[in-house]
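Laboratory data are not the source of any read-out in this text; all were calculated from the coordinates shown. Bear in mind the structure is a predicted one, so any value in this text is a computation, not a measurement. Don't worry about glycine lacking a Cβ; one is built from the backbone with ideal geometry, like all the others, and counts go over all protein chains shown.
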Amino acid sequence: MLLLLLALAAAPEANNCVTCHTTQQDQRLARPAVLFSETDVHRERGFACIDCHGGDPTTPDKAKAHDPARLFKGKPVGQAVVTTCARCHSDAGLMRTYAPRQRVDQATEYAASVHGKQLAAGDQRVATCVSCHGAHGVRLVSDAKSPVFPTSVATTCASCHADAKHMEGYKLADGSTLPTSQLADYRKSVHFAAMTRNNDLSAPTCNDCHGNHGAAPPGVGAIANVCGTCHAVFAQKFELSVHSQIFDKGCVECHGNHAVLKPSDEMLSATGHGICVPCHNGDDKNDSGAKAAVGMRGDIEGLKTRLDQARSLIAGVKNSGIEVSDDELALREAATKLTLARTEVHTFEPARVTEVIADATKIVGGIDQAGQRGVAELKYRRRGLALSLGAILLVVVGLALKVRQIDQQHR
Amino acid sequence: MPNTPTDFPFARQGGDQPFDRRSFLDALLAVGFVSTAAAMAYPVARFLVPPPSGEPETATAVAGRAAELKPNSGKIFKFGNKPGIVVRTAEGELRAFSAVCSHLDCTVQFKADTSQLWCACHNGTYDLGGNVVSGPPPRGLEAFVVNIRGEGTDAEIVVSRS
Amino acid sequence: MTLLQRTIVWLDERIDLSDVRHFVAEKGVPVHAQKVWYYLGGMTLFLFAVQVCSGILLLLYYRPSAAEAYESVQFIVTRVEFGWLVRNIHSWSANLLIALAFAHFFSVFLLKSYRKPRELTWVSGILLLFLMLGFGFSGYLLPWNELSFFATKVGTGIAGAVPFAGKFLLRVLRGGDDVTGATLSRFYGLHVAILPAITTALVALHLLLVQRQGMSVPIAVEERIKQGERVPQMPFFPNYVLRDVLAWYVALALLAALALFYPWELGQKADPFAAVPAGIRPEWYFLAMFHTLKLLPSHIAGFEGEQVGVLAFGAAAAFLVFVPFLDRRALQGRKSPAFTIVGVLGLLYLVVFTIIGHYAK
């Protein structure tokens, strides 16, 4: 029976579902049919309304078309959505014939997610497959117009999570209200900037840290792993530090979770606006953490100052005409060391930072020497100029006297 | 025919003393003119001689000797005022890229164990096509054109912008 | 006979130098209170010669393409022996040349030296002044750095404001719709070939006229001559020439010192896709004109403000060319206070607006 229906569905002419629904006044009935007739990944691969909804597309008679005997299911809601989608999408054999590389465990992941668990407990407000992917007019994830294209994921999640009314009643594990500021925070972050301004689609959005179908907050102890999938070096360094044993929230303690801003050296301080402040006290002489912060920050600021000085020395000398491309290269090396020092800070061990800074200082020393040689060359030029000016002065004086002499002669 | 002595504006008139101010002044001026002429001619002459570096290294640079670069190794060289890296693959092919990491401008290096270009700052990795394999770099490395100039052991690797 | 005398005799036997010798012996320069202004013309000529020589030297290493221009200038300044000296002398002498050309122009204008019989000298001179400005504008682009690129963009954009011919003029100047490597090629051709050729011809004419007609005297002095007073003359050779050479040596010393202590910056290589830096301005000698155009309202009497401005400057330029024919009183050898006032006002306008333009945000 199913095979017969499928065979009938394959014939494009016999699709009364669309012809009837598109002419409906009620948009809730018409729109799905319209959308499905436009760009839809399922329709383009030969699927039709009945593959999800059942029923009989060959007859224009509503009662016959919507006959449960013909397996008409109506609009799937809640868990029924997941079952409907999973009927194909969890079938590895079937999916292989359409998209061999696509995963088939989404439903399993979903069951492990907060959304899935809530749904199983009877909460119909949570997201299901169609909440993010759409039901009709579904596009591939790689299609730029898809609601789950990387640049659109945040807005799609936010369609519920930023809606205070929708999120009313949900609480965090500690009893506080689930915040709705995530999208606004994320929009301030460097990750958002990387994706939207620099068109870097590999930049993280909601699903990269929370998971797609198994969406849930990473959980205590897991955060450094999550951030570390991209920021591997920092995670490694952090793992060596005392903080990795102390921090509940890992990287998030200092860098935030959604509003991850561009870090600055000003953060490394136990006084004022420094992020060490909540735990460390810069005024307490016995606070070894505060001392470490001062040490590391001092090293870095010292290098920055020396680098700036070297840069202006080289720039000034270059402008006066001395060849400095080797020194510009060395400046680059020193700047690389500065970046490495900032990475090393995540071990929170001043000795390691000092080591990197010491390397950089050696390089800057070399640059300074080259700069001084340039300055010496300029001094040499000035001596040459003084000599020439002396000769010119000689001529000028001589000419002035000669002019006077000739004038007298003329009279 | 001109009357030689008096027709000329600089004709000498009188001055038989062994030292007269006039000829001293003339001598002074002569010395002055010659030295200033030399002071002008010397820089011009030096300017005209081409400098050892030949021509502006805008688009090309020499990256070292071909014989010194072994298979599965890389070498940093200077391209203008930025670092470049030339690599000889395990098969012997020469490739060159900008060594400036597209993440935060650190200088990348060649890792022989993985045959990849690696940035020590934040673990960015590029393949030998300059494409990003993993890590934070947002873009690949700019590829350069490599040529060999000369023959035998003195053959040089010449890198130019594509 | 000295070597010099023997050489002259040898030449005289082959090409009759009697005219030249007569000229050298007889030419005189009038001596009066305003004679200091006489030196300005020679100074301008000297600086032009410095430009030609330093320009030829730079030519040997400069590359006029968008990909290489900046690097070649960097090469000259950092790698070529004394390249820094040649380049900086060229840049400084350019500015001094234009300043002196303006000073020469104003002194001639205010002293009414353009009156009969020197109308042609004036016309050739005014055209030379415009050519100097053309040299300055075309040369400024050649280092192909950020400042010069955008200043050229703005400057050629103003050319587009000329009514009717504006669009065409802009395309011809830029070698296209935008400032690109094509503009650079074009400006280079202008700067090293076209403008020098025209300038050489005009300078030759200008000098020939000056030498044939002798130095003009102020009207007051002329009136004294008419009343029978004898104005003393200084022989051109050697008295005046030596003074001229003295001034030239002082200028040379100044240029060398400026080149060493205030080197011209290399700047950043031009990036045509970068945004125009805030506060972009042309060089000082275009500043008054530029700032005036900026201050004009967007519409004047139904026409676009900028168009009216450009037309006004065009009219002023035409006025300047034809001044000898317009100043009736000077033509008749009479004092012409009206034109003196026009000249003083013009000078004040240029000075004031250059200063305002410099300090404006």
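The table for this structure:
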quantity	calculated
Test item: A:226-233 mean partner chain Cβ contacts at 10 Å	3
Rg to Rh quotient for the stretch A:124-274, alpha carbon positions, Kirkwood Rh	0.99
Crossing angle, helix C:195-213 versus chain C [Cα axis fit, 0-90 degrees, rounded to tens]	20
q = 0.19, 0.22 Å⁻¹: log10 I(q)/I(0) that the Debye formula gives for the stretch A:288-383, counting C-alpha atoms only	-0.81, -0.97
Excluding exposed DSSP-loop GluC sites (Glu not before Pro) (at most 14 other C-beta within 10 Å), longest clean stretch of chain A	A:169-411
Under the span-like rule (Cα at least 30 Å along the axis, Kyte-Doolittle mean at least -0.5), DSSP H helices of chain A	A:288-319, A:350-410
Gaussian network model of chain A, springs between alpha carbon atoms under 10 Å - residue of A:209, A:230, A:251 with greatest fluctuation	A:230
Averaged over A:310-321, number of beta-carbon atoms from partner chains that fall within 10 Å	4
Of the GluC sites (Glu not before Pro) in the stretch B:42-123, those whose Cβ has at most 16 other Cβ within 10 Å and which sit in DSSP loop	B:91, B:93
Trypsin sites (Lys or Arg not before Pro) restricted to the stretch A:243-332 and DSSP loop, no more than 10 other C-beta within 10 Å	A:285
Within a Gaussian network of chain C (alpha carbon springs, distance under 10 Å), most fluctuating of C:211, C:227, C:34	C:227
Interchain or long-range residues, amide H under 5 Å from residue C:145's placed H	C:270
Label-to-label distance, nm, for residues given as residue C:168 and residue A:351 (7 Å Cα→Cβ offset)	8.2
Chain C: C-alpha gyration tensor shape, a/c 1.5 cut-off, then a/b vs b/c	oblate
Residues residue C:273 and residue C:322, FRET efficiency given R0 of 41 Å [Cβ-Cβ distance, rounded to 0.05]	0.35
Rounded FRET efficiency, nearest 0.05, which uses the C-beta distance separating residue B:37 from residue A:308 and R0 of 45 Å	0.50
Taking chain B and dividing mean pair separation by its residue count, relative contact order in percent (alpha carbons under 8 Å, at least six apart)	17
Cβ charges +1 (Lys, Arg) and -1 (Asp, Glu), total dipole of the protein assembly as shown, debye	2760
The stretch C:30-40 - phi-based ³J(HN,Hα) in whole Hz, Karplus 6.51/-1.76/1.60, Gly and Pro as x	x, 10, 7, 4, 8, 5, 4, 5, 4, 6, 4
In Hz, Karplus ³J(HN,Hα) per residue of the stretch A:57-67 (6.51, -1.76, 1.60; θ = phi - 60°; x = Gly, Pro)	x, 7, 10, x, 7, 4, 4, 5, 5, 9, 6
Projected area, mean over directions - the stretch A:333-384, Cα convex hull, nm²	3.7
In the stretch C:200-236, trypsin sites (Lys or Arg not before Pro) in a DSSP loop with at most 10 other beta-carbon atoms within 10 Å	C:230
In Å, descending, principal axis extents of the Cα set of the stretch A:363-411	71, 9, 6
Using distinct alpha-carbon pairs, which all enter the 1/r mean, Kirkwood radius of the protein assembly as shown in Å	36.4
Ratio of the Cα radius of gyration of the stretch C:221-338 to 2.2 N^0.38 Å, where N counts its residues	1.77
Amide H contacts of residue B:77 (H built 1.01 Å from N, under 5 Å, at least 5 apart or other chain)	B:84, B:85, B:86
Cα shape, chain A, gyration tensor, a/c 1.5 rule	prolate
Cα-projected label distance for residue A:121 with residue B:48, points at 7 Å along beta-carbon direction, nm	9.3
Built amide H within the under 5 Å cut-off of residue C:300, gap 5+	C:305
In degrees, nearest ten, helix B:21-48 long axis to first principal axis of chain B (Cα)	20
Computed log₁₀ I(q)/I(0) - Debye formula, equal Cα scatterers, no solvent, the stretch A:12-119, q 0.10, 0.15, 0.16 Å⁻¹	-0.35, -0.77, -0.86
Measure of compaction for chain B (Cα Rg per 2.2 N^0.38 Å)	2.08
Chain C: most fluctuating residue of C:255, C:246, C:331 per GNM, C-alpha cutoff 10 Å	C:246
Mean ellipticity per residue at 222 nm, deg cm²/dmol - from DSSP H runs of n ≥ 4 across chain C, formula -39500 (n - 2.57)	-22000 deg cm²/dmol
Total charge dipole magnitude, the stretch A:288-383, about the Cα centre, Cβ charges on Lys, Arg, Asp, Glu only, Debye to nearest 20	420
Projected-area mean, the stretch C:240-297, by convex hull of Cα positions, square nanometres	7.5
In order through the stretch B:59-65: 3J(HN,Hα) via Karplus (6.51 cos²θ - 1.76 cosθ + 1.60), integer Hz, x for Gly, Pro	10, 9, 8, 8, 9, x, 8
